[in-house]
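S.K.: Pasting a structure below so you can have a look.
The values are calculated or read from the model by the stated rules, or taken from the named source; none is laboratory data. What you see is a predicted model; the values in this text were computed from it and never measured. Note that each Cβ is placed from the backbone with ideal geometry, even for glycine, and that neighbours are counted across all protein chains shown.
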């Protein structure tokens, strides 16, 4: 997905250190926008961040004084950033729920706690109601708002995923509703490489831990919310 657009871009997880981002990857900050009921409903652009160099380092330990960028605090605190995520493909991890017009796949271990899935009766239930427009369009939009790609909608006719068109970029996620800072939202098929040189599966939507406490490193598992992680 968007592999041509992401050509030359790469994110490398360094051993007990930051994410090394190469290839002029655009960087911005967005917030999870909520409605009056507290449901996640939209992504709100906050700012575009201009890195000083073509390649840049993003904090992975959660303790940098210059977040989102690394200031080498990981070295001073002895950060241990062992990559514990399973090296399995999304297809192997995901479970499928079939609706009348669309299918939904769900790899629960990738959840980044953005909560877009919870509104309107929860996507696991509404997949059975997504028969015609506008229900189908609303369902696809809601699933596509999941930043981690835990959830994917599938078209029965083509047997292809119905994915949002996302530009290759990295978004620093903020979660005002919970009062915490969220993960790095990697978009548009940018390759991510483990510290040992092994590539992770390239996907349209991924979330990388930046609080340093995920049990599924390098991916986010929602721990930032439970520990009250702050960005600035």
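S.K.: When the residues of region 100-118 are filtered to those that are more than 19 Å from residue 207 (Cβ to Cβ) and modelled with pLDDT of 95 or more, which remaining residue is farthest from the chain's Cα centre (by Cα)?
M.R.: Applying the filter and picking the extreme gives 102.
S.K.: Restricting attention to region 176-195, which residues are farther than 24 Å from residue 153 by Cα and in contact with a strand residue (DSSP E or B) (Cβ under 9 Å, 6 or more places away or on another chain)?
M.R.: Answer for region 176-195, where residues must be farther than 24 Å from residue 153 by Cα and in contact with a strand residue (DSSP E or B) (Cβ under 9 Å, 6 or more places away or on another chain): 176, 177, 178, 180, 181, 193, 194, 195.
S.K.: Still on this structure, please answer the following. Kindly indicate the residue of region 197-213 that is in contact (Cβ under 8 Å) with a residue 40 or more places away in the chain and within 16 Å of residue 17 (Cα to Cα) and also surrounded by the fewest Cβ atoms within 10 Å (Cβ to Cβ) among those meeting that condition.
M.R.: Top of the filtered list is 213.
This table checks each residue for (1) under 21 Å from residue 10 (Cα atoms); (2) in contact with a strand residue (DSSP E or B) (Cβ under 8 Å, 6 or more places away or on another chain); (3) surrounded by fewer than 17 Cβ atoms within 10 Å (Cβ to Cβ).
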site	(1), (2), (3)
27	yes, yes, no
38	no, no, yes
44	no, yes, yes
53	yes, no, yes
71	yes, no, yes
75	no, no, yes
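S.K.: Kindly establish whether residue 148 is assigned to a helix (DSSP H, G or I) and modelled with pLDDT of 95 or more.
M.R.: no
S.K.: I've got another one for you. Please give the number of the condition residue 97 fails out of (1) assigned by TED's automatic domain parsing to the domain that holds residue 143; (2) modelled with pLDDT of 95 or more; (3) assigned to a loop (DSSP other than H, G, I, E, B).
M.R.: If we test residue 97 against (1) assigned by TED's automatic domain parsing to the domain that holds residue 143; (2) modelled with pLDDT of 95 or more; (3) assigned to a loop (DSSP other than H, G, I, E, B), just (3) comes out false.
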